[in-house]
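Asker: Okay, handing you the structure first.
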Amino acid sequence: MDLKIVNYGAGNIKSIQFAFQRLGYEAILSDNPDEIIKADKVIFPGVGEASSAMKKLKQSGLDALIPKLEQPVLGICLGMQLMCNCTEEGDTKGLGIFNTNVKRFSNNVKVPQMGWNTVRSLKSNLFKNISEGDYMYLVHSFYAENCEESIATSDYELEYASALQKDNFYGVQFHPEKSSKAGEQLLKNFLEL
Amino acid sequence: MLTKRIVPCLDIKNGRTVKGVNFVDLRDAGDPVILAKQYADLGADELVFLDIAATLENRKTMHDMVLKVAEQVNIPFTVGGGISSVEDVDALLHCGADKVSINSSAVKRPELINELSNKFGSQCVVVAIDAKQIDGEWFVHLAGGTIPTDIKLFDWAIEVEQRGAGEILFTSMNHDGTKAGFANEALAKLSELVNIPIIASGGAGTIQHFADTFIDGKADAALAASVFHFGEIPILELKKELKKQGIPVRL
């Protein structure tokens, strides 16, 4: 399988590569639009700050490429947030794939949310063999507002979208590569889409 | 619901796990990669690796270890010890570490916290604080607790949050190694003062100590070493008991 990770200098890519390696697949980093467009599956990672991440995407033209992809695409963490309409982080316009906005948790809770939280209201084959109430590992200060494209929700201060799907585009707020068995199952499901 | 985290800490010296009692008298507790994998399988929520003898020669051994852990372990882990620059952190994150923990270097040059959180995001910057209560006042100590400073714990905690730390790992030197419970009063005060997660460290001896630090100490995570390494407290049993007491844990 031709599995590509969009490389725009974001975050800890090694963990994602190792997670696929444990499943027996090689995920290759690429910033080349011609390579990415031909891949069977595309991972869109992201850790860091939204506006600078978006700037990097624009520099390499990847901002125009990603919404045009037709194969299954999985955005992880900030990757998912950048696929939304806009985010309050750095007042950044997103790729507009998911019709929802990204906001910051208030100071009524500790920010970032850090640790294991449950996912529920699971829809989509992405959650095949994952149960309501299974735990995923999250680290984030901003959240996507719950919307019609939610395929999982979590609670932290309020109910928010912890996973989204529109057509071939999938996004997860949690880190499946760090979410033990449930995360492994999700990555496996993505490979089988 | 967000759960409370149980965090085994592996003190690393020359690529091996050791545990100090009151920061001295080192005992050998095994291969860190094997231990890490075991902990992940047994239900640990996160792991911390502290390079307690961080030297330049040791650096490569540590990078190799981090790579091997990242390759085999499917839960998040933090690496600390001897980290003093953006380059140090870059190298560790590239080896697959999820977060780094800085301590003395942050006290010596607090701007390091800003630099790291700007470059890598605050989610991967843990500021570890070792403090000792002297005549009722908590003072920050450096270099594995060997060097006292006149910096007050609570002032420092507020400053590290403002500079962009994503989490505080607080070790009470009065409690560390005693197995008599965590410093819950100081922990609760920390939790009220800052709005980032607090990891309690130092003093774990019984299952009830963990329950107490989550309830009385308001800690978000609890870290321990020897009680886990030597099998005194099995993680599954610990989490079952915490759940029984109404504390949210991942089971």
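Asker: Run residue B:243 past the list (1) more than 14 Å from residue B:179 (Cα to Cα); (2) at pLDDT below 95 and report the number of the one that doesn't hold.
Answerer: Only one criterion in (1) more than 14 Å from residue B:179 (Cα to Cα); (2) at pLDDT below 95 is unmet by residue B:243, namely (2).
Asker: For residue B:81, which of the numbered conditions (1) more than 12 Å from chain A (Cβ to nearest Cβ); (2) free of Cβ contacts under 8 Å to residues at least 60 places away in the same chain; (3) of a type in the set (Gly, Ala, Ser) fails to hold?
Answerer: (2)
Asker: In the stretch B:14-65, which strands (runs of 3 or more DSSP E) lie fully inside it and hold 2 or more residues that are at pLDDT below 80 and farther than 16 Å from residue B:97 by Cα? Reasoning before the result, please.
Answerer: Numbers: elements: B:16-21, B:24-30, B:47-51.
Fully inside the stretch B:14-65 and qualifying: B:16-21, B:24-30.
Asker: In addition: Give the stretch B:117-141 a look and list any residue that's away from chain A (no Cβ under 14 Å) and crowded, with 18+ Cβ neighbours inside 10 Å, or say none. Break it down into steps so the answer makes sense when it comes.
Answerer: Here is the first cut: in the stretch B:117-141, the residues away from chain A (no Cβ under 14 Å) are B:128-141.
The answer is B:128, B:129, B:130, B:131, B:132, B:138, B:139, B:140, B:141.
Asker: Moving to a separate point now. What number of residues in the stretch A:143-167 are within 11 Å of chain B (Cβ to nearest Cβ), within 15 Å of the chain's Cα centre (by Cα) and more than 26 Å from residue B:47 (Cβ to Cβ)?
Answerer: Total meeting the criteria: 0.
Asker: Right, another one. Can you tell me which residue among A:139, A:172 is farther than 19 Å from residue A:109 by Cα and either touching a Ser or Thr at 6+ places or on another chain (Cβ under 7 Å) or of a type outside the set (Lys, Arg) (or both)?
Answerer: Working: A:139 fails: farther than 19 Å from residue A:109 by Cα.
Exactly one residue qualifies, and that residue is A:172.
Asker: Of all the residues that make up the stretch B:89-116, how many are farther than 27 Å from residue A:181 by Cβ and surrounded by 20 or more Cβ atoms within 10 Å (Cβ to Cβ)? Reasoning before the result, please.
Answerer: To start, the set of residues in the stretch B:89-116 that are farther than 27 Å from residue A:181 by Cβ comprises B:89-91, B:102-116.
Then keep just the ones that are surrounded by 20 or more Cβ atoms within 10 Å (Cβ to Cβ); that gives B:89, B:102-104, B:106-107, B:112-113, B:116.
So the count comes out to 9.
Asker: Moving on to the next point. When you check residue A:119 against the structure, is it within 14 Å of another protein chain (Cβ to nearest Cβ), modelled with pLDDT under 95 and within 16 Å of the chain's Cα centre (by Cα), yes or no?
Answerer: In short, no.
Asker: Could you please tell me which pairs satisfy a Cβ distance under 6 Å, a separation of 6+ or placement on different chains, a first residue in the stretch B:109-134 that is over 29 Å from residue B:203 (Cα atoms), and a second residue that is outside any helix (DSSP H, G or I)?
Answerer: B:114/B:163; B:114/B:164; B:116/B:125; B:117/B:125; B:117/B:164; B:121/A:47; B:121/A:48
Asker: Looking at the stretch B:69-125, which of the residues that are of a type in the set (Ser, Thr, Tyr) and touching a Gly at 6+ places or on another chain (Cβ under 7 Å) is modelled with the highest pLDDT? So that I can check it myself, show each step before the final result.
Answerer: Taking the stretch B:69-125 first, the residues of a type in the set (Ser, Thr, Tyr) are B:78, B:84-85, B:101, B:104-105, B:117, B:122.
Filter once more, so that each one left must be touching a Gly at 6+ places or on another chain (Cβ under 7 Å): B:101, B:117, B:122.
Details: B:101: 97, B:117: 91, B:122: 88.
Looking at residues that are of a type in the set (Ser, Thr, Tyr) and touching a Gly at 6+ places or on another chain (Cβ under 7 Å), I get B:101.
Asker: Still on this model: For residue A:79, state whether it is in a helix (DSSP H, G or I) and within 23 Å of residue B:195 (Cα to Cα).
Answerer: Numbers: in a helix (DSSP H, G or I): yes; within 23 Å of residue B:195 (Cα to Cα): no.
Taking the combined requirement at face value, the residue does not satisfy it.
The values are calculated or read from the model by the stated rules, or taken from the named source; none is laboratory data. These figures come from a predicted structure and were not determined experimentally. In this analysis, Cβ positions are derived from the backbone assuming ideal geometry, glycine residues included, and neighbour counts consider all displayed protein chains.
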